[in-house]
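Student: Structure below; questions to follow.
The values are calculated or read from the model by the stated rules, or taken from the named source; none is laboratory data. Not measured: the values here are computed from a predicted model. Cβ placement follows ideal geometry from the backbone for every residue including glycine, while neighbour counts extend to all protein chains displayed. Only protein heavy atoms, including side chains, enter the accessible area calculation; ligands, DNA and RNA are left aside. Shrake-Rupley method; radii C 1.70, N 1.55, O 1.52, S 1.80 Å.
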Amino acid sequence: MQWVTGAEVLVHSGAYSDPAAATPADTEWADLCAAAVSSGMDRRLDGAVWPVPPIEPAEAPAELLLAARQAGVEAYKRREATFGLTGYVDLQGAAIRIARDYLESIAHLIDRYATRGLA
């Protein structure tokens with residue numbers, strides 16, 4: 001399922017207010033990020049609690065759509081984080097790095113719907 005689109009990623013990342021104004025490179029990157037997030041969410045939700053066949057985007061839980069958008073923006077912004085550094089520091093002055101898994105920040109939301117460990 002397409003949980004988030006490249007156009008949504010471009011707008012919600014603050015990069016472009018109109019996705020049509022994006023450069024081809026930015027559009028391609030946003031589309032790749034959206035596809036990766038959507039694929040990752042499908043993989044993590046394999047066997048989710050909603051009925052088969054797969055649901056349509058309009059029927060998807062709002063919090064999962066929001067989570068997909070957040071993960072898409074995080075993935076899009078990763079290319080700005082040189083060597084994984086966000087440009088921010090913690091209270092002790094150590095550089096804050098991005099997570100290794102771009103779905104880590106939304107994993108707890110996905111887990112509400114996934115049926116892991118159940119046969």
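Student: Got a sec? What order do Trp3, Trp29 fall in by accessible area at 1.4 Å, biggest, i.e. largest, first?
Tutor: Details: Trp3 10, Trp29 80 Å².
Largest accessible area first, the residues go Trp29, Trp3.
Student: Quick check on packing: order 12-24, 102-114 by the mean number of other C-beta atoms within 10 Å, highest mean leading.
Tutor: Details: 12-24: 13.0, 102-114: 16.2.
Highest to lowest by the protection proxy: 102-114, 12-24.
Student: Distance in nm between label sites at Arg43 and Glu80, each 7 Å beyond Cα in the beta-carbon direction?
Tutor: Inter-label distance under the simple model: 2.6 nm.
Student: Same structure again: Tell me, in nm to one decimal, what length is gained between Ala58 and Tyr113 on full extension, where the rule is 0.36 nm per residue of separation less the Cα-Cα distance?
Tutor: Gain on extension, Ala58 to Tyr113, equals 18.2 nm.
Student: To continue, here is another question. Short version: ³J(HN,Hα) in whole Hz for each residue of the range 16-21, in order, from phi by Karplus 6.51 cos²θ - 1.76 cosθ + 1.60 (θ = phi - 60°), x for Gly and Pro, what are they?
Tutor: 9, 7, 10, x, 5, 8
Student: Under 5 Å between amide hydrogens, which residues at least 5 positions from Gln2 or on another chain qualify, with H placed 1.01 Å from N in the peptide plane?
Tutor: Those qualifying (amide H under 5 Å, at least 5 residues apart or on another chain) number zero.
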